[in-house]
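Structure, as structure tokens:
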Amino acid sequence: MSVGANIKKRRYEMRMSQQELADALGYKTRSTIAKIESGENDVSHKKLQKFATVLDTTVEELIMGYTSPKSITFESAAISQKRNKNIVIILAGGKSGRNKQNIPSQFVNVNGKPIIVYCMEAYQNHPLIDDIYIVCLKGWENIVTAYAEQYEITKLKALVPNGISGIQSLQNALENIKNAYSLNDIVVVQEATRPMVTGEMISRLLKECNEKGSATIGHLMDDYVQFQISENGAKYINRDSVVAMQSPEAHRLSVISGVFAKAKREGHPLSESCCTMLMHNLGYEINFIESSINNIKIVREEDFATFGALVNSL
């Protein structure tokens with residue numbers, strides 16, 4: 001269920017009308033509540049805390065959902081605090097040659113803020129994210145640390161050296177953190193050059209991963225026609241069957257550790273661009289959840305202008 005649907009469900013359990021909830025939250029009319037519950041309007045995580053207080057529940061349950069009516073007690077609050085941890089690894093070890101900039105894309109300023117900071121803030125502000133690790137390009141460690149201090153990224157636990165590829169950078173990060181967490185904890189993998197990640201996107205990803213052990217953000221292709229070109233000519237592919245893979249992706253630590261262990265046993269070369277591709281090539285089932293086409297990756301010069309326009313439209 002979506003956040004809006006969970007708010008509606010809890011409001012029904014509390015026997016509150018939309019107007020009563022609107023009054024309690026300081027909204028002038030019930031239409032704002034109606035739009036939130038229908039999914040037409042998003043609700044910020046700061047405002048979500050107020051919803052949780054008024055509805056006598058927790059932010060976690062409004063995001064992840066729950067199965068039965070309840071009121072919060074000291075016992076249930078203690079259980080909530082014992083939930084598994086959610087850790088994010090931000091991959092910022094790459095250096096694109098296609099952006100026509102003098103610095104890597106993740107460190108370029110757009111609208112007065114470095115691109116990597118947009119990613120850091122998304123996870124810093126999400127109430128279900130516990131710890132942040134950054135795989136950092138060599139020579140940029142002090143700059144990333146300065147960003148964290150300037151933008152108050154208090155969840156940042158450590159920087160990890162980058163590998164020669166994204167998938168090997170992720171392997172480095174897992175080796176550095178795996179002993180600090182349990183196998184049931186969730187690892188979110190985020191490209192530093194996909195700064196349009198949102199709180200709602202993170203919430204849906206965590207919920208799906210919590211249920212199925214693994215999930216990857218993607219979106220259905222919107223172009224009219226897709227063709228696969230081969231030596232035998234062009235073959236039409238139905239666009240509704242084509243998923244454009246994005247990030248973030250999320251996996252239980254037990255799952256992602258098992259993936260790399262299997263790759264090592266089979267002598268797999270780790271040539272993939274991401275963990276989801278590695279899982280596919282090793283025979284794992286892939287669980288996609290649909291995201292927005294606006295979740296762009298900053299690769300080329302024109303992407304900076306597109307991203308800037310998207311930020312200004314928020």
_Out of the residues in the stretch 28-53 meeting the condition of being closer than 11 Å to residue 3 by Cα and in contact (Cβ under 8 Å) with a residue 60 or more places away in the chain, tell me which one is surrounded by the most Cβ atoms within 10 Å (Cβ to Cβ)._
48
*Before we move on, is residue 84 surrounded by fewer than 21 Cβ atoms within 10 Å (Cβ to Cβ), in a helix (DSSP H, G or I) and at pLDDT 85 or above?*
no
_Taking the criterion of being touching a residue at least 40 places away in the same chain (Cβ under 8 Å), among the β-branched types (Val, Ile, Thr) and farther than 21 Å from residue 170 by Cα, would at least one residue in the stretch 301-312 satisfy it?_
yes
_Restricting to the stretch 130-160, give me the number of residues that are open to solvent by less than 30 Å² (accessible area, probe 1.4 Å) and part of a helix (DSSP H, G or I)._
2
*For the stretch 125-152, name all the residues that are in contact with a strand residue (DSSP E or B) (Cβ under 7 Å, 6 or more places away or on another chain) and under 23 Å from residue 199 (Cβ atoms).*
128, 129, 130, 131, 132, 133, 134, 135, 144, 147, 148
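Under the condition of being outside any loop (DSSP other than H, G, I, E, B), among the hydrophobic types (A, V, I, L, M, F, W, C) and closer than 27 Å to residue 64 by Cβ, which residue from the stretch 161-183 is farthest from the chain's Cα centre (by Cα)?
Within the stretch 161-183, the match that is farthest from the chain's Cα centre (by Cα) is 180.
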*Can you name the residue in the stretch 1-27 that is of a type in the set (A, V, I, L, M, F, W, C) and in a helix (DSSP H, G or I) and, of all such residues, is most open to solvent (accessible area, probe 1.4 Å)?*
24
*What single numbered condition from (1) in contact with a strand residue (DSSP E or B) (Cβ under 8 Å, 6 or more places away or on another chain); (2) of a type in the set (A, V, I, L, M); (3) over 30 Å from residue 41 (Cβ atoms) fails to hold for residue 293?*
(3)
_Condition check for residue 263: open to solvent by less than 20 Å² (accessible area, probe 1.4 Å) and either closer than 26 Å to residue 103 by Cα or modelled with pLDDT of 90 or more (or both)_ = yes
*Residue check, residue 53 against (1) over 17 Å from residue 210 (Cα atoms); (2) of a type in the set (Val, Ile, Thr); (3) modelled with pLDDT of 90 or more, all met but one. Which one?*
(3)
*Only residues that are part of a loop (DSSP other than H, G, I, E, B) and of a type in the set (D, E, K, R): list them for the stretch 99-129, please.*
100
_Hits in the stretch 248-290 (condition: in a loop (DSSP other than H, G, I, E, B) and touching a strand residue (DSSP E or B) at 6+ places or on another chain (Cβ under 6 Å))_ = 287
*Any idea which of 115, 153, 164, 143 is over 13 Å from residue 87 (Cβ atoms) and in contact with a Pro (Cβ under 6 Å, 6 or more places away or on another chain)?*
115
*asked:* Restricting to the stretch 156-195, and then to whatever is under 19 Å from residue 253 (Cβ atoms) and charged (D, E, K, R), can you tell me which residue is modelled with the lowest pLDDT?
replied: 178
*Would a scan of the stretch 244-257 turn up a residue that is at pLDDT 90 or above, polar (S, T, N, Q) and under 26 Å from residue 106 (Cα atoms)?*
no
*Which of the residues that make up the stretch 282-304 are at pLDDT 90 or above and loosely packed, with under 13 Cβ neighbours inside 10 Å?*
283, 285
*Does residue 198 satisfy the condition of being at negative phi and crowded, with 22+ Cβ neighbours inside 10 Å?*
no
*Scanning the stretch 214-238 for residues that are under 16 Å from residue 292 (Cα atoms) and open to solvent by 30 Å² or more (accessible area, probe 1.4 Å), which turns out nearest to the chain's Cα centre (by Cα)?*
220
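The values are calculated or read from the model by the stated rules, or taken from the named source; none is laboratory data. What you are looking at is a predicted structure, and each value in this text was computed from that prediction instead of being measured. FYI the Cβ positions are ideal-geometry reconstructions off the backbone, even for glycines, and counts take in every protein chain you see. Just so you know, the surface numbers come from the protein's heavy atoms only, side chains and all, with ligands and any DNA or RNA stripped out. Shrake-Rupley method; radii C 1.70, N 1.55, O 1.52, S 1.80 Å.
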